Amino acid sequence: MITPTIERIINHIIDLEGEYVYHENDKGGPTRWGITEAVARANGYNGAMKALPREFAFEVIANKYYFKPRFSLVAEISPRIAEELTDTGVNMGPARASMFLQRCLNAFNRQGKDYADIATDGAIGRNTVNTLKLYLDKRGKEGGEEVLLTALNCLQGEKYIAIAEHDHKQEDFLFGWLKNRVYLSRN
């Protein structure tokens, strides 16, 4: 079910991604509304990428990058964290976004004093969700959420820098990734 929160999250990501883009160094190839050509084809779209409908992109993001990785369970506790995970998932894959969350939760448990470590398997389940609840109960909803968002963005930013260091052609995108995915996502 698409709620106003989900609609806001996905529309924000689509607006951030923008319309048709193609850059010769972009490994995703032709992209529109954040949907690469490979993802569009895998989800049944056969038209020109320049004409990919926004509604199609909305459905793909909702299904592939929000519901399937179970970020909807996170949204029940923290819509802001769910939005960050969805955005990261669109750009880096949902499993990586999930692993970022799991790593952060483990690092914040004060050597197991607050709650037990969880698997960093890239799959959101009840254990990850319950651990997120424990973390927010311990650290306070507002302050704990803000610190967790900062940590998630730190991991995301580090990954972008590592990508650019490994493949210098990706340097063309680094500033925009950091500006649009890490810096602005905190506002």
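The values are calculated or read from the model by the stated rules, or taken from the named source; none is laboratory data. Just so you know, these numbers come straight off a predicted model, no measurement behind them. All Cβ positions, glycine included, derive from the backbone under ideal geometry; neighbour counts span all protein chains shown. Accessible surface areas use protein heavy atoms only, side chains included; no ligands, DNA or RNA. Shrake-Rupley method; radii C 1.70, N 1.55, O 1.52, S 1.80 Å.
Below, the figures for the structure above:
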item: Pairwise FRET efficiency - Ala48 versus Met1, Cβ, R0 = 30 Å, nearest 0.05; result: 0.45
item: Hull-based mean projected area of the range 66-142, where the convex hull spans the alpha carbons, in square nanometres; result: 4.4
item: Length added when fully stretched, Leu174-Glu146, from 0.36 nm per residue minus Cα-Cα; result: 7.7 nm
item: Efficiency of FRET from Cβ geometry, Glu59 and Ile163, R₀ 30 Å, rounded to 0.05; result: 0.60
item: Positive-end residue of Ala116, Met92, Ala38, charge dipole of the chain with Cβ unit charges; result: Ala116
item: Linear extension gain, Ile77 paired with Arg110, 0.36 nm per residue minus alpha-carbon span; result: 9.7 nm
item: Inverse of mean 1/r across different Cα pairs in the chain, Kirkwood, Å; result: 17.1
item: Percent RCO, i.e. relative contact order, over the chain, from Cα pairs under 8 Å lying at least 6 residues apart; result: 15
item: Where Phe175, Phe71 fall by accessible area, highest first, once all protein chains stay in place (1.4 Å); result: Phe175, Phe71
